[in-house]
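First comes the structure, then the notes that go with it.
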């Protein structure tokens with residue numbers, strides 16, 4: 001059983017990155033940009049509306065306030081700034097989920113913020129403070145990292161995520177985009193690796209070693225060339241192998 005999730009709503013104004021409408025037909029959950037690294041009121045509303053209509057679980061994808069850098073630049077923010085920035089973004093997304101009859105299912109930080117919560121408890125706790133004050137029932141979706149560990153210590157719901165097209169290091173973390181070969185592009189390799197991660201719970205690292213990996217969700221990216229066709233192949237291969245596609249919320253309550 002696996003949740004297929006993708007980042008969405010990451011356009012801005014007249015600019016779009018991915019075909020979210022088609023991608024929503026393939027996934028069971030979506031991480032929706034909340035306006036700080038991408039997204040605007042119109043895009044957020046449209047993406048949320050379509051997700052609700054298609055029964056796709058909605059996740060908040062907050063980031064540092066960095067539209068120019070797409071949220072991938074580190075900002076030296078205080079814990080209070082991080083907490084209030086995340087609360088602001090949760091509030092914005094919540095307005096659209098309420099308007100369209102949905103709800104926020106989970107939260108997973110984007111870009112540099114996501115990288116920092118994974119290794120720094122100060123950032124992790126700042127985001128979790130926002131979650132607890134907003135809605136402690138939200139699922140924390142992340143790698144097995146400091147963010148996930150801190151959430152478990154607080155008694156929050158957690159789910160682990162695996163990456164379809166990102167390289168892993170021997171410690172089980174994804175390789176930084178600043179490093180060579182951090183992103184995989186060969187469709188056959190990506191499809192087989194997804195099958196291995198979901199069914200065998202193993203992944204080959206960037207150094208060629210096989211390590212154990214386990215998760216409730218598989219993240220696909222819809223902003224690369226041929227991404228939709230690849231997403232279709234991945235989903236079809238999983239289903240053919242007997243894997244049930246099921247949202248994380250339903251998984252945790254089975």
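Out of 93, 26, 87, I need the residue that is in a helix (DSSP H, G or I) and either over 20 Å from residue 128 (Cβ atoms) or in contact with a strand residue (DSSP E or B) (Cβ under 8 Å, 6 or more places away or on another chain) (or both). Which one? So the residue among 93, 26, 87 that is in a helix (DSSP H, G or I) and either over 20 Å from residue 128 (Cβ atoms) or in contact with a strand residue (DSSP E or B) (Cβ under 8 Å, 6 or more places away or on another chain) (or both) is 93. Given (1) modelled with pLDDT under 95; (2) out of contact with any helix residue (DSSP H, G or I) (no Cβ under 8 Å at 6 or more places or on another chain), where does residue 152 come up short, assuming only one miss? All conditions are met except number (1).
Yes or no: region 109-127 includes at least one residue that is surrounded by 18 or more Cβ atoms within 10 Å (Cβ to Cβ), at pLDDT 95 or above, more than 18 Å from the chain's Cα centre (by Cα) and closer than 19 Å to residue 30 by Cα. For region 109-127, residues surrounded by 18 or more Cβ atoms within 10 Å (Cβ to Cβ), at pLDDT 95 or above, more than 18 Å from the chain's Cα centre (by Cα) and closer than 19 Å to residue 30 by Cα: absent.
The single condition among (1) over 19 Å from residue 113 (Cα atoms); (2) in contact with a strand residue (DSSP E or B) (Cβ under 9 Å, 6 or more places away or on another chain); (3) outside any loop (DSSP other than H, G, I, E, B) that residue 46 does not satisfy is (2). For region 97-130, give me each residue that is more than 25 Å from residue 69 (Cα to Cα) and assigned to a helix (DSSP H, G or I). The answer is 97, 98, 99, 129.
Where strands (runs of 3 or more DSSP E) fall entirely within region 140-254, those with at least 1 residues that are under 18 Å from residue 3 (Cβ atoms), in contact (Cβ under 8 Å) with a residue 24 or more places away in the chain and touching a strand residue (DSSP E or B) at 6+ places or on another chain (Cβ under 7 Å) are at 158-163, 202-204, 217-220.
The values are calculated or read from the model by the stated rules, or taken from the named source; none is laboratory data. All values reported here derive from a predicted model rather than from experimental measurement. Every residue, glycine as well, gets a Cβ built from its backbone with ideal geometry; the counts of neighbours run over all protein chains shown.
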